[in-house]
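What follows is a short report on a single structure.
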Ligand code: SF4
């Protein structure tokens, strides 16, 4: 895929990237950037569930070698971790960043310079972790980064609770979407992440993402260029409803790149739920993977 061109370059050349940033900024003034729809004015404070204003807050940024192999390649995925989150998972593995707010506020230009630095270090992509509440800031920074020479694809690495309206505004910005699909059951989503409608919203978001970028495309060097990767963290005692998640994905595209993850460990407030107080057993994980393969999923990564 030698002739690959990141899709945001096309938006920039058409003069549409700044308009996209402005449209996203408008959504933050009575905030409906994500399905929480807090309705707060983020130019005046940080009163929404994500506790975010307009400037990005970054906890860390560096080449990352622990992501999915097609993102990592030889030189790593250029990961930028945003502070805060629009989810409220009681078992969050990054709770110090997502809930305790560890991080530093930076300017949009700073964010652009981080992208350029990661590209300069050879990273195959810029991987925004928890981008949902920072969608405006990302595109605003991109307007600055493109004239600096940014050209690697962008990854939208999200918990999956995303607004279809916002995703439609983002069309053409991200070449790679990497959503979690955390739960199949709304009651469990409410109990564990504080969101009643997670399964329906996440499924609508994933469907929109797929329509924008399709199945994952990997070049001759094994590096992802474009497409959808879905992550699913197996939880103990079937709290994630893995079979329901797999059934939806398999009914949609059996070629979906699906990473079934086993690294759950009790963190943060997990002990408040009896069923979350242990790791996943080997048998639980094997059953999840076997079920996905049995459903005909052809790109199950474990
Ligand atoms: S992005 Fe933040 S402030 Fe805006 S709707 Fe979502 S949680 Fe609320």
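The values are calculated or read from the model by the stated rules, or taken from the named source; none is laboratory data. Note that the structure is a prediction, hence the values are computed from the model and not measured. In this analysis, Cβ positions are derived from the backbone assuming ideal geometry, glycine residues included, and neighbour counts consider all displayed protein chains.
Just a few scattered comments:
- Check on residue 118, modelled with pLDDT under 95 and either out of contact with any helix residue (DSSP H, G or I) (no Cβ under 8 Å at 6 or more places or on another chain) or surrounded by fewer than 17 Cβ atoms within 10 Å (Cβ to Cβ) (or both): no
- Of all residue pairs spaced 6 or more apart or on separate chains, those with beta-carbon atoms under 6 Å, a first member in the range 39-62 that is under 30 Å from residue 77 (Cβ atoms) and near the ligand (Cβ under 10 Å from one of its atoms) and a second member that is at pLDDT 95 or above and not in a loop (DSSP other than H, G, I, E, B) are 42/28; 50/133; 52/133.
- Some residue of the range 197-206 being surrounded by 23 or more Cβ atoms within 10 Å (Cβ to Cβ) and either within 21 Å of residue 10 (Cα to Cα) or in contact (Cβ under 8 Å) with a residue 60 or more places away in the chain (or both): no
- Some residue of the range 6-22 being in contact with a strand residue (DSSP E or B) (Cβ under 9 Å, 6 or more places away or on another chain), surrounded by fewer than 15 Cβ atoms within 10 Å (Cβ to Cβ), farther than 24 Å from residue 270 by Cβ and in contact (Cβ under 8 Å) with a residue 24 or more places away in the chain: no
- Condition met for residue 80 (crowded, with 18+ Cβ neighbours inside 10 Å, touching a helix residue (DSSP H, G or I) at 6+ places or on another chain (Cβ under 8 Å) and assigned to a strand (DSSP E or B)): yes
- Test result for residue 33, within 16 Å of the ligand (Cβ to nearest atom), modelled with pLDDT of 95 or more, part of a loop (DSSP other than H, G, I, E, B) and buried (at least 19 other Cβ atoms within 10 Å of the Cβ): yes
- Some residue of the range 211-226 being in contact with a helix residue (DSSP H, G or I) (Cβ under 9 Å, 6 or more places away or on another chain), crowded, with 23+ Cβ neighbours inside 10 Å and part of a strand (DSSP E or B): yes
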